[in-house]
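Here's the structure we're looking at; comments come further down.
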Amino acid sequence: MSKSTDSKIPRREASPADMTRAALVRAALKLFGRQGFDGTSTREIAAEAKANIGSIAYHFGGKEGLRNAAADYIVDTIQTIAGQAIGNLQAPAAAMTDPEAARAHLFTALERMVAFIAARPEAGEIVQFVLRELSHPTAALDRIYDGVFEPAHRRLCLIWEQATGEPAESEATRLTVFTLIGQVVYFRIGREAVMRRMGWRAIGDAEATKIAAAVTDNLGAILAARKDRRS
């Protein structure tokens, strides 16, 4: 009787340098989003990360390099979330010949977007950072746009085409997809207003489920209107 060849692949433990680097990125993401790049000192970042101030220059070459690293962290995080919802953004999209399957894909994508953007705490820091970059664009925004904004939007536009027959790169499709994304993002940027008006103390999984129901109802109405227009 042979022994099972199944064995777990050992994971490399993060070194102290890796942990310091990660802590600095998370601290920068939080503070740049909350206070802005110019309003945050390297000393504050180091204190937040519980790291030596010299480690910023050592790992990133300085404050600007740390901002770019924070942008790369956002790209990696959103690529992972988007990959679960709409597929690997770096790979060609699989063609769906069945419009019903494409429509189901859109509903699933919106539900997963709500679960992350509205309910996950780390989404708040990411959105704050991105909003500041959108207000005052830098090279960090270029990294985020090229890494996730454009490819995710293009992927959703293609799924929309497969679901409705409308050209993926038409102006109408691109605007429609922006409205679908925008209504989800509002529940993060308007979080405090939503909680007050809804009488919620927080937005967790239960509240995200209710938000997802409203958002997907809107998607269903848009798809129904498109279907009626074609018939």
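The values are calculated or read from the model by the stated rules, or taken from the named source; none is laboratory data. Nothing here was measured: the structure is a model prediction, and the numbers come from that model. Positions of Cβ are generated from backbone atoms using ideal geometry, with glycine treated the same way; all protein chains shown enter the neighbour counts. SASA here: full protein model, heavy atoms, side chains in, ligands and nucleic acids out. Shrake-Rupley method; radii C 1.70, N 1.55, O 1.52, S 1.80 Å.
With a cut-off of 14 Å between beta carbons, the residues surrounding Gln84 carry a summed charge of +1, where Lys and Arg count +1 and Asp and Glu -1.
To the nearest ten degrees, helix 63-86 and the longest principal axis of the Cα atoms of the chain are 30 degrees apart. Based on alpha carbons, the Rg and Dmax found for the chain are 20.7, 67 Å.
How much of the accessible area of the chain, in percent, comes from carbon and sulfur atoms when a 1.4 Å probe is used? Display every interim value, and only then the final one.
Values: 7380 of 13570 Å².
Carbon and sulfur together cover 54 percent of it.
How large is the convex hull of the C-alpha atoms of the stretch 171-215 per residue, in Å³? It would help to have the intermediate numbers written out before the result.
Working: hull volume 3.3 nm³, N = 45.
Expressed per residue, the convex hull around the Cα atoms of the stretch 171-215 is 74 Å³.
Please work out whether the stretch 103-231 counts as rounded, prolate or oblate from its C-alpha gyration tensor, where a ≥ b ≥ c are the square roots of the eigenvalues and a/c under 1.5 means rounded, while otherwise a/b larger than b/c means prolate and anything else oblate? Don't jump to the answer; show the numbers that get you there.
Numbers: a/c = 2.28, a/b = 1.20, b/c = 1.90.
It comes out oblate by the Cα gyration axes.
Scalar couplings 3J(HN,Hα) for the stretch 179-184, obtained by applying the Karplus form with A = 6.51, B = -1.76, C = 1.60 to θ = phi - 60°, are 5, 5, 5, x, 5, 6 Hz; x denotes Gly and Pro. Seen against the Cα atoms of the chain and their longest principal axis, helix 205-230 is set at about 40 degrees.
The local environment of Phe60, defined by Cβ-Cβ distances under 11 Å, has a net charge of +1 under the rule Lys, Arg +1 and Asp, Glu -1. Ellipticity at 222 nm from helices only: DSSP H runs of n ≥ 4 in the chain, each -39500 (n - 2.57), divided by the residue count, give -23500 deg cm²/dmol. Whole-Hz ³J(HN,Hα) for each residue in the stretch 187-202, computed from phi via Karplus 6.51 cos²θ - 1.76 cosθ + 1.60 with θ = phi - 60°, x for glycine and proline: what do you get? Listing the rounded values in order: 5, 9, 6, x, 3, 5, 5, 4, 4, 5, 5, 7, x, 9, 7, 7 Hz. Working from Cα pairs under 8 Å separated by at least six residues, relative contact order for the chain is 21 percent.
Rounded to the nearest 10 degrees, what's the angle between the helix 121-135 long axis and the longest principal axis of the chain, both from Cα atoms, 0 to 90? Taking the Cα atoms of the chain, the angle to 121-135 is about 90 degrees.
Tally Lys/Arg at +1 and Asp/Glu at -1 over every other residue whose Cβ is under 12 Å from the Cβ of Glu133; what's the total?
Numbers: positive: Arg67, Arg132, Arg143; negative: Asp142.
Within the 12 Å Cβ shell, the charges total +2.
Restricted to Cα atoms, the stretch 54-158 shows a radius of gyration and a Dmax of 15.8, 56 angstrom.
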